[in-house]
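*Asks:* Have a look at this one.
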Amino acid sequence: MASAKQIVAELGRPGPHQVLRGELALVGLPGVVFTPTAGELLPAVAFGHDWLNPASRYLGLLRHLASWGIVAAAPDTERGPFASHRKLAHDLRTALDVVSTVRLGGTTRGAAVSVDPRKLGLAGHGMGASAAVLAAAAPAHATRVQAANEPYWETGSEIAEARGQVEAVATIALSESRPSAQDAARAVHRPGLHIAFGKDLVAPPAAGTEPVAAAWAGPSVMRTIKKASHLGIVEGRHWSDLVLDGKADLGVGTTVKGLLTAFLLHHLNDEKRYADVVDGAVKGTDVRVYRESSTV
């Protein structure tokens, strides 16, 4: 079996599939979706953007996932300074609902693709990472977790029940949210990969990612990319660069692509050869396993 270092190097490069881009706005939700040109019962992930940032800053990451056979959708909502974590979480769930119930793509060269509703994941960066946790949290009646002030997983239980079960969640440079992602993490029983950035001044690992990874109800692993700053995975320039610390880093982006792709293929597509990415050695990173199980 390949080592974690080899897996990240392999999956950090574009995959074998040609890719199509579409617009979620065609079904009433602003955002983008990337798919392989063909495929049946594919895995899918909904990706949440960071505070103030548009989904367009993650197009390379979304395209990369699609090149490895994963349908990737990103809502382009809640971009203002007073954006709602709860509403972005709802939109992530809506994006998963759309891609798992509507046939996507299709050209004169190939048929439309379909998503398997049993192979759904959530991911996000910064604010979008917290929203992904909120969106993944189990309904209140399915867990013993209780919290005050109407936690998302209680008020959002009808949505969670009506749509496909999320099987894996990945957070990147997570920043805390309202309602609390740390509290919501106690209700997420699926595997979680939590990628932190060691030089993140916006969401330092000890204040953002670490408490969530520690509180996670299911299998939970935190991997810190030691020399990365908060905006390490974004693309291009945006006015929010004046507000948020850090800058895009090609090396960091490649590492995150490899880690995220391996995690999703392992847990959503049952590709066991990528299992070692969970806790294996990867250059420039530290890893901490908070909770293991036979499903990791």
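The values are calculated or read from the model by the stated rules, or taken from the named source; none is laboratory data. Source: prediction; values computed, not measured. Glycine gets a Cβ as well: all are built from the backbone with ideal geometry, and neighbour counts include every protein chain shown.
*Asks:* Could you grab me the full set of residues in region 77-98 that are within 18 Å of S177 (Cα to Cα) and not hydrophobic (A, V, I, L, M, F, W, C)?
*Replies:* Scanning region 77-98 gives T77, E78, R79, G80, P81, S84, H85, R86, K87, H90, D91, R93.
*Asks:* If you don't mind, there's one more thing I want to ask. Where residues in region 87-109 are in a loop (DSSP other than H, G, I, E, B) and surrounded by fewer than 22 Cβ atoms within 10 Å (Cβ to Cβ), which of them is modelled with the lowest pLDDT?
*Replies:* Narrowing region 87-109 to residues in a loop (DSSP other than H, G, I, E, B): 102-103, 105-106, 108-109.
If we keep only those that are surrounded by fewer than 22 Cβ atoms within 10 Å (Cβ to Cβ) as well, we get 102-103, 106, 108-109.
Working: V102: 83, R103: 76, G106: 59, T108: 50, R109: 56.
Per the criteria, the residue is T108.
*Asks:* Hey, another quick one. Just a yes or no: is a residue in region 214-222 hydrophobic (A, V, I, L, M, F, W, C), part of a loop (DSSP other than H, G, I, E, B) and within 22 Å of L52 (Cα to Cα)?
*Replies:* no
*Asks:* Which number in (1) outside any strand (DSSP E or B); (2) touching a residue at least 40 places away in the same chain (Cβ under 8 Å) marks the one condition that R21 misses?
*Replies:* Among (1) outside any strand (DSSP E or B); (2) touching a residue at least 40 places away in the same chain (Cβ under 8 Å), the lone unmet condition for R21 is (1).
*Asks:* Please indicate, with yes or no, whether at least one residue in region 236-257 is under 18 Å from G218 (Cβ atoms) and buried (at least 20 other Cβ atoms within 10 Å of the Cβ).
*Replies:* Scanning region 236-257 turns up no residue that is under 18 Å from G218 (Cβ atoms) and buried (at least 20 other Cβ atoms within 10 Å of the Cβ).
*Asks:* Restricting attention to region 285-296, and to residues there that are exposed (fewer than 15 other Cβ atoms within 10 Å of the Cβ) and touching a strand residue (DSSP E or B) at 6+ places or on another chain (Cβ under 9 Å), which single residue is modelled with the lowest pLDDT?
*Replies:* Across region 285-296, the extreme among qualifying residues is E292.
*Asks:* Those residues that are at pLDDT 95 or above and more than 17 Å from G60 (Cα to Cα), I need them from region 1-38; list them, please.
*Replies:* P30
*Asks:* Residue by residue through region 42-56, note down the ones that are of a type in the set (A, V, I, L, M, F, W, C) and either more than 12 Å from A89 (Cα to Cα) or part of a helix (DSSP H, G or I) (or both). Spell out the reasoning first.
*Replies:* Residues of region 42-56 that are of a type in the set (A, V, I, L, M, F, W, C), as a first pass: 42, 44-47, 51-52, 55.
Within region 42-56, L42, A44, V45, W51, L52, A55 meet the criteria.
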